[in-house]
Amino acid sequence: MYGLVKLKLAPNTIDGAVRVLNGAYTDAVRLGVAAAYPVTGTRRPSLRQKPVAAWSADEVKRVFEALKDDPMWNAVYWVVLATGMRPGEFHVLRWGDIELEKYIVTIRRSMTKDADGHR
């Protein structure tokens, strides 16, 4: 696990790897393939939750008031706010992802940035 820390992986990534290994070793001990659980006593890095920035109800009202005469942007903000869509999901949304008659938006992709900030 400390090798993962040295690689500077995110704590959530390390936690996911530890969970997979935990399950694999639990099965190995249960099946008699391994005599003991080899990572007993190890500690995981603490998970850091980034604070989520969200608009207040007053901010949402002000946006819709500003957009009341612009039906296209009004609709865009309704979709984004009603679905809780992330910016990376909105940026790659396509018309084929929207079923207007059924009021369905399907999130199929997300845009991310690499270590240099490139999308």
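Results, tabulated for the structure shown:
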| read-out | value |
| --- | --- |
| Long-range neighbours under 8 Å by Cβ, at least six apart or interchain, first residue of a type in the set (Gly, Ala, Ser) within segment 1-20, second modelled with pLDDT under 80 | 17/1; 17/4 |
| Breaking point among (1) assigned to a helix (DSSP H, G or I); (2) under 23 Å from residue 3 (Cβ atoms); (3) basic (Lys, Arg), for residue 30 | (2) |
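Conditions (1) outside any helix (DSSP H, G or I); (2) small (Gly, Ala, Ser); (3) open to solvent by 60 Å² or more (accessible area, probe 1.4 Å), marked per residue:
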position	(1), (2), (3)
26	no, no, yes
36	yes, yes, yes
60	no, no, no
63	no, no, no
76	no, no, no
79	no, no, no
93	yes, no, no
101	no, no, yes
115	yes, yes, yes
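The values are calculated or read from the model by the stated rules, or taken from the named source; none is laboratory data. In this text, all values refer to a predicted model and were calculated from it rather than measured experimentally. Positions of Cβ are backbone-derived with ideal geometry, glycine not excepted, and every protein chain shown enters the neighbour counts. Side chains are part of the model used for accessible areas, which takes the heavy atoms of the whole protein and leaves out ligands, DNA and RNA. Shrake-Rupley method; radii C 1.70, N 1.55, O 1.52, S 1.80 Å.
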